[in-house]
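Okay, structure first, notes after.
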Amino acid sequence: MIRFGPAGNSDSFRQKYKSSTAAPGWLKEMGLQLLEYQCGRGVNLGEETGRAIGQSAQEAGIGMSVHSPYFINLSSGEAERREKNVGYILQSCQAAHWLGADRVVVHCGGLSKLTREEALQNTLTGLREILRRMEQEGCGDVTLCVETMGKQNVMGTLKEVAAICQMDERLLPCIDFGHLNAREQGSLRCAEDHVKLLEYLISQLGKDRMRHFHVHFSHIEYGKGGEVRHLTFEDTEYGPWFDDCVQALLALDLHPRVICESAGTQAEDALLMQQIYQARARGEEPAIRA
């Protein structure tokens, strides 16, 4: 079963509610099943609030995940930076524990003056230490989802993420289709493009691991260097198109968790994504193109 939800709170939620503790119930009323709590600017969640949101999510049947801080840089070889990375991930895992989440999404970071191979080796070394420390701290049950990235000067190509996830079964790919489309200058043009992308991941990681992988999806404006900014489904220029992705997921019998990262309309667009999936699963043409 494919489940859907937003990354953080949409503008419409913020206009009505002051506390994220209301978010799970609000999403349940919409007919969604997931929420990815955002710690991109740092883990600033207190235990009391975290447990309250987690309790609300449990009561509403909303599955939780966490996005770790954006400033994590796994590709760095500097000892001080690596230790900070460990701290940021452990903080994210603590937040996940309070929220009842079992997945933490993580970015790989920039290249600086490194070659891509040097950055990849640093990432692998850093993640080995992070996973070891997670076990020590009692959070080895949390899955780290390594995200594909939208800018060309950072780690996170499809092949790099696959290679990283091959290292340990506690790592799972977070495939951001919008990011890949942006960094590859509009490479995802049809359902077959999505099929080829997913078949490659299956060949590298196996069908069992890929069956329940993590997805980020949104339309993203891009330029020569890749990602510029996230858009909403009102965009008809940049894509990629979720209907194409759905056809690939159905063809390959994959059941990921799907998180919408539209800019401000992420809950509403997540619902549109769900409606597209449900129509295709019934063998019908979707009423909307998004």
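Note on residue 114 and residue 200: their simple-model spin labels are 2.1 nm apart, each label 7 Å out from Cα toward Cβ. Protein heavy-atom surface of segment 1-133, 1.4 angstrom probe: 46% of the accessible area is carbon and sulfur, with nucleic acids and ligands not counted. Note on residue 121 and residue 29: their simple-model spin labels are 5.6 nm apart, each label 7 Å out from Cα toward Cβ. Taking the accessible area of segment 203-290, probe 1.4 Å, and keeping the other protein chains in place, the carbon and sulfur fraction comes to 46%. For segment 203-290, the relative contact order is 33 percent, taking Cα pairs closer than 8 Å that sit 6 or more residues apart in sequence and dividing their mean separation by the residue count. Mean sequence separation of contacting Cα pairs (under 8 Å, at least six apart), scaled by the length of segment 139-290, corresponds to a relative contact order of 22 percent. For residue 284, the accessible surface of its heavy atoms amounts to roughly 90 Å² (probe 1.4 Å, protein chains only, rounded to the nearest 10).
Strictly over 32 Å apart at the Cα level, which of 151/196; 18/196; 84/159 would you flag in this model? Going by Cα-Cα distance, 18/196 fall outside the 32 Å limit.
For segment 207-290, the orientation-averaged shadow of the C-alpha convex hull comes to 6.0 nm² (one quarter of the hull surface). Using a cutoff of 8 angstrom between alpha carbon atoms and counting only pairs six or more residues apart, the relative contact order for the chain works out to 19 percent. Cys residues of the chain that find no other Cys beta carbon under 4.7 Å: 39, 108, 165, 190, 245, 260.
Give the longest segment of the chain that steers clear of trypsin sites (Lys or Arg not before Pro) in DSSP loops with at most 11 neighbouring Cβ atoms within 10 Å, not counting the sites themselves. Present the calculation step by step, with values, prior to reporting the outcome.
Numbers: sites that count: 18, 41, 113, 224, 282.
In short, 114-223.
What segment 1-42 shows is 50 Å² of accessible area per residue, with the surface traced by a 1.4 Å probe over protein heavy atoms. When the charge dipole of the chain is built from unit charges on Cβ atoms (+1 for Lys and Arg, -1 for Asp and Glu) and taken about the Cα centre, the candidate among 115, 197, 233 whose Cα reaches farthest toward its positive end is 115. A straight line joining the Cα centroids of segment 115-170 and segment 256-277 runs 26 Å. Between amide H atoms placed 1.01 Å from N, distances below 5 Å from residue 227 occur with 151, 152, 183, all of them 5 or more places distant or on a separate chain.
For the chain, a Gaussian network of Cα nodes joined below 10 Å ranks 176, 243, 168 by mean-square fluctuation, and the top entry is 168. Per residue, the accessible area of segment 65-215 comes to 41 Å² when a 1.4 Å probe rolls over the protein heavy atoms. Modelled spin labels at residue 185 and residue 211, positioned 7 Å past Cα toward Cβ, are 3.9 nm from each other.
Compute the Cα gyration tensor for segment 138-209, then decide on rounded, prolate or oblate, letting a ≥ b ≥ c be the square roots of its eigenvalues: rounded whenever a/c is under 1.5, prolate when a/b is larger than b/c in the other cases, and oblate in all that remain. The shape class here is oblate.
Of the beta bridges in the chain, as assigned by DSSP with both residues counted there, near 20 percent are antiparallel.
In this calculation the C-beta distance from residue 102 to residue 166 is compared with R0 = 22 Å, giving a FRET efficiency of 0.55. When only the Cβ of Lys, Arg, Asp and Glu is charged (+1, +1, -1, -1), the dipole of segment 246-290 relative to its Cα centre reaches about 80 debye.
Assuming 0.890 mPa s and 25 °C, estimate D for the chain with Stokes-Einstein, Rh taken as the Kirkwood radius over Cα pairs, in µm²/s. Mind dumping the intermediate values first?
Working: Rh = 19.0 Å.
Reported coefficient: 129 µm²/s.
Phi angles across segment 22-33 convert, under the Karplus curve 6.51 cos²θ - 1.76 cosθ + 1.60 with θ = phi - 60°, into 3J(HN,Hα) values of 7, 4, x, x, 5, 5, 4, 4, 6, x, 9, 10 Hz, Gly and Pro given as x.
Test of understanding: express the Cα radius of gyration of segment 140-290 as a ratio to 2.2 N^0.38 Å, with N the residue count. Don't skip to the answer; put the middle values down first.
Numbers: Rg = 14.6 Å, N = 151, 2.2 N^0.38 = 14.8 Å.
Normalised Cα radius of gyration, segment 140-290: 0.99.
Put simply, the C-alpha atoms of segment 1-151 give a gyration tensor, and the ellipsoid matching it has half-axes of 30, 16, 13 Å, longest first. Can you classify segment 1-66 as rounded, prolate or oblate using the Cα gyration tensor, where a ≥ b ≥ c are the square roots of its eigenvalues, rounded means a/c under 1.5, and otherwise it's prolate if a/b beats b/c and oblate if not? In terms of gyration-tensor shape, rounded. Test of understanding: in a Gaussian network model of the chain with alpha carbons linked when under 10 Å, which of 221, 199, 48 would top the mean-square fluctuation ranking? Of the options given, 48 has the highest mean-square fluctuation.
The values are calculated or read from the model by the stated rules, or taken from the named source; none is laboratory data. This one's a predicted model, so the numbers in the text were calculated from it and none came from an experiment. Don't worry about glycine lacking a Cβ; one is built from the backbone with ideal geometry, like all the others, and counts go over all protein chains shown. SASA here: full protein model, heavy atoms, side chains in, ligands and nucleic acids out. Shrake-Rupley method; radii C 1.70, N 1.55, O 1.52, S 1.80 Å.
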